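Beneath this line is the structure, given in structure tokens, with notes to follow.
The values are calculated or read from the model by the stated rules, or taken from the named source; none is laboratory data. None of these values were measured; they are calculated from a predicted model. Virtual Cβ from ideal backbone geometry, glycine too; neighbours counted across all protein chains shown.
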């Protein structure tokens with residue numbers, strides 16, 4: 001497991017900034033029947049973000065993310081990137097997070113500019 005995390009760190013081109021921002025996630029589609037799910041952004045960079053949600057999105061899904069609640073931010077945080085309040089991002093990877101009373105999903109998202 002430790003080796004896998006080291007490999008992920010090597011592939012990252014931008015440093016991560018931690019947060020606990022609440023976001024609304026909705027698949028970006030032409031139809032109006034898409035389900036909106038709540039999520040929490042755990043970290044972000046210039047290129048993308050990692051979120052956790054109780055809803056399972058498929059790989060390749062384009063999500064419309066809208067900030068619901070920002071956490072307090074320190075002026076001396078030194079963040080390399082700004083947290084986006086609204087954006088489109090593609091699900092590049094996902095993982096299941098099994099807890100003792102629920103299942104959540106973690107998603108690596110790449111911003112679409």
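General observations
- Flag if residue 63 is under 23 Å from residue 96 (Cβ atoms), touching a strand residue (DSSP E or B) at 6+ places or on another chain (Cβ under 9 Å), outside any loop (DSSP other than H, G, I, E, B) and touching a residue at least 24 places away in the same chain (Cβ under 8 Å): yes
- Residue in the stretch 36-43 that is farther than 22 Å from residue 98 by Cα and surrounded by fewer than 15 Cβ atoms within 10 Å (Cβ to Cβ) present: no
- Residue in the stretch 52-68 that is out of contact with any helix residue (DSSP H, G or I) (no Cβ under 9 Å at 6 or more places or on another chain), surrounded by 12 or more Cβ atoms within 10 Å (Cβ to Cβ), over 13 Å from residue 89 (Cβ atoms) and at pLDDT 95 or above present: yes
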